[in-house]
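J.: Got a structure here, written out as structure tokens. Questions coming.
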Amino acid sequence: MRILIVEDDREVAGNIAKMLRESGHVVDMAHDGEDGLAMARDGAFDVLIVDRMMPRRDGLSMVSILREEGDKTPVLVLSALGEVDDRVAGLTAGGDDYLVKPYAPSELKARVDALARRRDPEALKTRLQVGDLEMDLLARTVKRGEETIQLQPREFRLLEFLMRHAGQVVTRTMLLEKVWDYHFDPQTNVIDVHISRLRSKIDKPFDTSMLHTVRGAGYRLSN
């Protein structure tokens, strides 16, 4: 999933981002309501995590504007304000869930997963399979046939994206946005390098190739 965290406390935002990235998600951050609103408008996010009290624009105002504009992205509101009236205000503004600080990180993750599941049940599959290639998202393991394949974290994310879009042509731009999180210039060869490494692990030891280059378009994983 691609998640936007809008939280003015940079340490808190960083800790949430670290936890979600370790779970395989792509995470963007903004540290005030105006920047958060602009990013939410421009990006295709699966879930928004929005702090209530922020500079420039408060979180509830930000969410309310998005809802008025027709944005239906699930929103988890974070706040130190935990009275019934506060929670009602958060939900009335357009929040889908409301979590009071302090909270357990595991609860935040569970609530994010629940919001994503409501929007797209496919996003939270725990196993992916294309032909004899299998990925266990919980155990973070990959097998082809009876052979276990060892992947680095970025290779794992790359393969996961390709498997979720099996049979489709995946462009370089899609990979930069969804796997590399805009961190690299589109002209970089980082994608080619990782595709080559991935191919050497999931294709070269086997009789049949699954990862194909579509000239001038991108890549396709198929059996």
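The values are calculated or read from the model by the stated rules, or taken from the named source; none is laboratory data. Not measured: the values here are computed from a predicted model. Positions of Cβ are backbone-derived with ideal geometry, glycine not excepted, and every protein chain shown enters the neighbour counts. Only protein heavy atoms, including side chains, enter the accessible area calculation; ligands, DNA and RNA are left aside. Shrake-Rupley method; radii C 1.70, N 1.55, O 1.52, S 1.80 Å.
J.: Quick one: what pairs do we get from the stretch 1-13, first residue free of Cβ contacts under 8 Å to residues at least 24 places away in the same chain, second open to solvent by 10 Å² or more (accessible area, probe 1.4 Å) and in a loop (DSSP other than H, G, I, E, B), C-beta under 8 Å, 6+ apart or different chains?
T.: Qualifying pairs under 8 Å: R10/H31; A13/H31.
Listed here are the residues, each with its yes/no results for (1) open to solvent by 50 Å² or more (accessible area, probe 1.4 Å); (2) modelled with pLDDT of 95 or more; (3) under 15 Å from R220 (Cα atoms); (4) not hydroxyl-bearing (S, T, Y).
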residue	(1), (2), (3), (4)
A114	no, no, no, yes
R117	yes, no, no, yes
A123	no, no, no, yes
T126	yes, no, no, no
L137	no, no, no, yes
R140	yes, no, no, yes
I149	no, yes, no, yes
L175	no, no, yes, yes
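J.: Follow-up. Under 7 Å between Cβ atoms, which residue pairs at least 6 apart in sequence (or on different chains) link something in the stretch 154-172 that is closer than 17 Å to H25 by Cβ and free of Cβ contacts under 8 Å to residues at least 24 places away in the same chain with a partner that is part of a loop (DSSP other than H, G, I, E, B) and open to solvent by less than 50 Å² (accessible area, probe 1.4 Å)?
T.: As it stands, the answer is F161/V179, since those pairs meet every condition given.
J.: Turning to a different aspect of this structure: For M39, state whether it is in contact with an Asp or Glu (Cβ under 7 Å, 6 or more places away or on another chain), outside any strand (DSSP E or B), more than 22 Å from Y103 (Cα to Cα) and not polar (S, T, N, Q).
T.: Yes: the conditions hold for M39.
J.: Something else: Restricting the stretch 137-151 to residues that are touching a helix residue (DSSP H, G or I) at 6+ places or on another chain (Cβ under 8 Å) and not aliphatic (A, V, I, L, M), which is nearest to I202 (Cα to Cα)? Give the steps one after another, and end with the answer.
T.: First, the residues of the stretch 137-151 that are touching a helix residue (DSSP H, G or I) at 6+ places or on another chain (Cβ under 8 Å): 137, 140, 142, 144, 149-151.
Next, only the ones that are not aliphatic (A, V, I, L, M) stay: 140, 144, 150.
Numbers: R140: 15, R144: 7, Q150: 10 Å.
Ranking the candidates gives R144 first.
J.: Within the stretch 39-46, identify whether any single residue is open to solvent by 10 Å² or more (accessible area, probe 1.4 Å), among the charged types (D, E, K, R) and touching a residue at least 60 places away in the same chain (Cβ under 8 Å), and answer yes or no.
T.: Looking through the stretch 39-46, at least one residue is open to solvent by 10 Å² or more (accessible area, probe 1.4 Å), among the charged types (D, E, K, R) and touching a residue at least 60 places away in the same chain (Cβ under 8 Å).
J.: For the stretch 41-69, enumerate the residues that are touching a strand residue (DSSP E or B) at 6+ places or on another chain (Cβ under 6 Å) and under 17 Å from R2 (Cα atoms).
T.: Once the filter is applied, which keeps residues that are touching a strand residue (DSSP E or B) at 6+ places or on another chain (Cβ under 6 Å) and under 17 Å from R2 (Cα atoms), the stretch 41-69 yields F45, D46, V47, L48, I49, V50.
J.: If you don't mind, another one. Taking the residues in the stretch 74-110 that are open to solvent by less than 50 Å² (accessible area, probe 1.4 Å), out of contact with any helix residue (DSSP H, G or I) (no Cβ under 7 Å at 6 or more places or on another chain) and in a loop (DSSP other than H, G, I, E, B) as candidates, determine which candidate is farthest from M29 (Cα to Cα).
T.: G82
J.: I'd like the full set of residues that are crowded, with 17+ Cβ neighbours inside 10 Å and of a type outside the set (S, T, N, Q), limited to the stretch 63-73. It would help to see each step written out before you state the result.
T.: Initially, the stretch 63-73 is screened for residues crowded, with 17+ Cβ neighbours inside 10 Å, giving 63, 65-66, 73.
If the condition is that a residue be crowded, with 17+ Cβ neighbours inside 10 Å and of a type outside the set (S, T, N, Q), then V63, I65, L66 are the ones that fit.
J.: Ok, one more. If I go through the stretch 42-73 residue by residue, how many of them are small (G, A, S) and either within 27 Å of L159 (Cα to Cα) or assigned to a strand (DSSP E or B) (or both)?
T.: Total meeting the criteria: 2.
J.: Scan the stretch 1-15 residue by residue and report those that are open to solvent by 10 Å² or more (accessible area, probe 1.4 Å) and not in a loop (DSSP other than H, G, I, E, B).
T.: Once the filter is applied, which keeps residues that are open to solvent by 10 Å² or more (accessible area, probe 1.4 Å) and not in a loop (DSSP other than H, G, I, E, B), the stretch 1-15 yields R2, R10, E11, V12, G14, N15.
J.: Still on this model: Quickly run through the stretch 16-38 and pick out the residues that are of a type in the set (A, V, I, L, M), open to solvent by 20 Å² or more (accessible area, probe 1.4 Å) and over 16 Å from the mean Cα position of the chain (by Cα).
T.: A38
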